[in-house]
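The structure appears right after this line, and notes come after that.
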Amino acid sequence: EILRCLVGSEMCIRDSSSTEHETSGHGSITDIEAVAVYNEEKEEVTVFAVNRNLKEDVVLNTDVRSFEGYRVAEHIVLESDDLKVVNAFGQENVKPKTTQQTTMDNGELTSMLHKASWNVIRLVKDSK
């Protein structure tokens, strides 16, 4: 299990799948690479995560118990089935889109990261 914690808080990102895959040029690498950033002034937490597995979706679990009163504001994903597709002037073949692939329950953030995708998951404090 891979565990990375946000400095100054008890928020931890946990790749419970602990999966790795072999690459031709870099040996064995983990499927998920993720980091979280806390903006105290805006009371926002942003998780940046990439799924480097080219064949399978992977679940990312994040312990957010220390951020009680927060909710998922958005999950943005950048992905394409064609890994060689590019954007050009006037032609956006790959662009960010909003998805509903993240849920939060009892301080546990669960995000489905599609294969070969780049993800931004933003949490905001409820203004109740």
_Hits in the range 95-124 - residues which are assigned to a strand (DSSP E or B) and of a type in the set (D, E, K, R)_ = 97, 105, 108, 122
*For residues that are within 16 Å of residue 120 (Cα to Cα) and open to solvent by 20 Å² or more (accessible area, probe 1.4 Å), tally how many sit in the range 24-34.*
1
_residue 37 being open to solvent by 30 Å² or more (accessible area, probe 1.4 Å), in contact with an Asp or Glu (Cβ under 6 Å, 6 or more places away or on another chain) and either polar (S, T, N, Q) or in a strand (DSSP E or B) (or both)_ = no
_Residues of the range 62-95 satisfying the condition of being touching a Leu at 6+ places or on another chain (Cβ under 7 Å), at pLDDT 95 or above and within 15 Å of residue 49 (Cβ to Cβ)_ = 72
*Kindly provide the set of residues from the range 104-121 that are over 9 Å from the mean Cα position of the chain (by Cα) and open to solvent by 60 Å² or more (accessible area, probe 1.4 Å), ordered by number.*
104, 105, 106, 115
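Would you check if residue 20 is touching a strand residue (DSSP E or B) at 6+ places or on another chain (Cβ under 6 Å) and either of a type in the set (A, V, I, L, M) or at pLDDT below 90 (or both)? Even if it seems obvious, please write down each step before you answer.
Values: touching a strand residue (DSSP E or B) at 6+ places or on another chain (Cβ under 6 Å): yes; either of a type in the set (A, V, I, L, M) or at pLDDT below 90 (or both): yes.
Taking the combined requirement at face value, the residue satisfies it.
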*Tell me, yes or no, whether the range 76-93 has at least one residue that is surrounded by 17 or more Cβ atoms within 10 Å (Cβ to Cβ) and either of a type in the set (D, E, K, R) or more than 17 Å from residue 123 (Cβ to Cβ) (or both).*
yes
*Can you find a residue in the range 2-9 that is over 13 Å from residue 67 (Cα atoms), open to solvent by 50 Å² or more (accessible area, probe 1.4 Å) and modelled with pLDDT of 85 or more?*
no
*Within the range 41-58, count every residue that is of a type in the set (Lys, Arg) and within 14 Å of residue 83 (Cα to Cα).*
2
*Determine if the range 61-69 includes at least one residue that is surrounded by 16 or more Cβ atoms within 10 Å (Cβ to Cβ), under 11 Å from the mean Cα position of the chain (by Cα), of a type in the set (S, T, N, Q) and part of a loop (DSSP other than H, G, I, E, B).*
no
_Which numbered condition in (1) out of contact with any His (no Cβ under 7 Å at 6 or more places or on another chain); (2) assigned to a loop (DSSP other than H, G, I, E, B) is the only one that residue 53 fails?_
(1)
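The values are calculated or read from the model by the stated rules, or taken from the named source; none is laboratory data. These numbers come from a predicted model, not from an experiment. Cβ atoms come from the backbone with ideal geometry, glycine included; neighbour counts cover every protein chain shown. Keep in mind that these areas ignore ligands, DNA and RNA; they rest on the heavy atoms of the full protein, side chains included. Shrake-Rupley method; radii C 1.70, N 1.55, O 1.52, S 1.80 Å.
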